[in-house]
Amino acid sequence: MRIRSSLAWIAAFLTMAGVGVRADDWPEIRGKGRLGVWNETGILEKFPEGGLKVLWRTPVGAGYTGPSVANGRVFLMDYRETQRLRGIERALALDEKTGKILWTQEWPANYGGISWPVGPRATPTVDGDRVYVVGADGKMFCLNVKDGSIIWKKDYAADYKADHRTWGFDWGFASSPLVDGERLICLVGGSPDAKVVAFDKMTGKEIWRALTSESDIGVAQPIIIDAGGTRQLIIWYPGAVASLDPVTGKILWQQPYKVGGSMTVALPVQHGSELFLTTFYDGPLMLTLDDKKAAASVLWKGKSDSEILTDGLHAVLTTPVMIGEYIYGICSYGQFRCLRAKTGERIWETQAVTKERARWASGHMVLHGDRLFINNDRGELIIVEPKPDGYHEISRTFLIKPTSPPENRRELVNVNWSHPAYANKHIYARNDEEIICASLAMDGK
């Protein structure tokens, strides 16, 4: 504690001096690189007794998409039902400091056949003067960040014959576009052989397509890793984990991986030569990445396909965190667990993060220095110090009201399943009624 107090004093001094304090935007899902790492300094050590200072609140419609923050603006999507399972999806930009809505762009949407038809799922991706958004029924837009005007657009269903309603579980289109150089890489689920499509990010022209669409596309987020001296695009879909060349779409390797219910929700996590994945029904998979070429092999795999009798980690929404030799994550019924990375052995577990042992109880985790900021689905924000010797909670506060129906019996009736943004010493969180900005700065500003 003495070391932590000293670090807090130094950070406070730097904040007052106005030097050496780092601030960052949050331009895509889970921040830059989709890593779930927050690097800003000058951040509070514990939450104030009376809760966080909320700087602004802005009414919005319903949706699961998290906010993105870039260049003084906050980007979001929402939905307003106008008749049964039909309505209007909307992209909007807000002023980062005031919450004032600067522009909106809307279009009709058909939620017929989509489970949990609350609103859009895919978090906006910001790149320079453009923001890319995808609606739940597959309409994708490249918008001008200044005024929301449409630069180009695609319709996954009309243009690529993609149809979420043919899948076993109808989650809708939930994958956020990934910018890589001049390419915009999207999980489309089209045919023929267009599970993944790379577009020219400026014009929308198709550059390449890859992987057969005979199987579901799931709801995974594409990521790019470096391993074996190669940049690799990781695409996780029900049935396999695939590595592609992001420039050409060429398949580098594939590893079979059964995923029940198309629940490819938690992002793959790389730590050195290891790549870890986890899913609700079928549990964890740890791959070893070859250090000399683009290849992967199974280090270990969970043996249970039960959501109740789990081994390792059966995550629902929560992307785990790997720190040193250990994995921290939230399991199928809200158990916060620590595993040994090399073997999958469970070191400890606690129900303290989610409180309620209920199906799909979960949260979102972000690594900040040696701490985890965890948003549980009860609308609370928690600071935890991850250690293999047990659960160490530093602070907890209420953040935002849970408003989304989980479609199962829960203590609080509703949940909050949207990933927040951590940017410029603030947290931006939304539910189905509003988006808020609260200060996490040491000085409360």
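The values are calculated or read from the model by the stated rules, or taken from the named source; none is laboratory data. Here the structure is a predicted model, which means the values were calculated and not measured. We place every Cβ from the backbone using ideal geometry, glycine too, and count neighbours over all the protein chains shown. Please note that ligands, DNA and RNA were not included when accessible areas were found on the heavy atoms of the full protein model with its side chains. Shrake-Rupley method; radii C 1.70, N 1.55, O 1.52, S 1.80 Å.
For this structure, a couple of remarks:
- Within the range 365-376, the residues that satisfy the criterion of being free of Cβ contacts under 8 Å to residues at least 60 places away in the same chain and in contact with a strand residue (DSSP E or B) (Cβ under 6 Å, 6 or more places away or on another chain) are R371, L372, I374, N375, N376.
- Enumeration of residues in the range 121-139 that are open to solvent by 10 Å² or more (accessible area, probe 1.4 Å) and part of a strand (DSSP E or B): V126, D127, R130, K139
- Pairing each residue of the range 39-63 that is within 30 Å of R90 (Cα to Cα) with any residue that is of a type in the set (K, R) and not in a loop (DSSP other than H, G, I, E, B), provided the two are 6+ apart or on different chains, yields C-beta distances under 7 Å for V60/R430; G61/R80; G61/R90.
- Any chance P238 is within 23 Å of the chain's Cα centre (by Cα), within 16 Å of L178 (Cβ to Cβ) and either of a type in the set (A, V, I, L, M) or surrounded by 19 or more Cβ atoms within 10 Å (Cβ to Cβ) (or both): no
- Elements of type strands (runs of 3 or more DSSP E) in the range 150-214, at least 3 residues being open to solvent by 30 Å² or more (accessible area, probe 1.4 Å): 150-155, 206-210
- Flag for V118 being outside any loop (DSSP other than H, G, I, E, B) and either aliphatic (A, V, I, L, M) or over 21 Å from S176 (Cα atoms) (or both): no
- Count of the range 283-301 residues which are in contact with a Ser or Thr (Cβ under 8 Å, 6 or more places away or on another chain) and either under 26 Å from R357 (Cβ atoms) or part of a strand (DSSP E or B) (or both): 11
- Inspection of the range 341-349 finds no residue satisfying the criterion of being over 22 Å from the mean Cα position of the chain (by Cα), surrounded by fewer than 17 Cβ atoms within 10 Å (Cβ to Cβ) and farther than 30 Å from L299 by Cβ.
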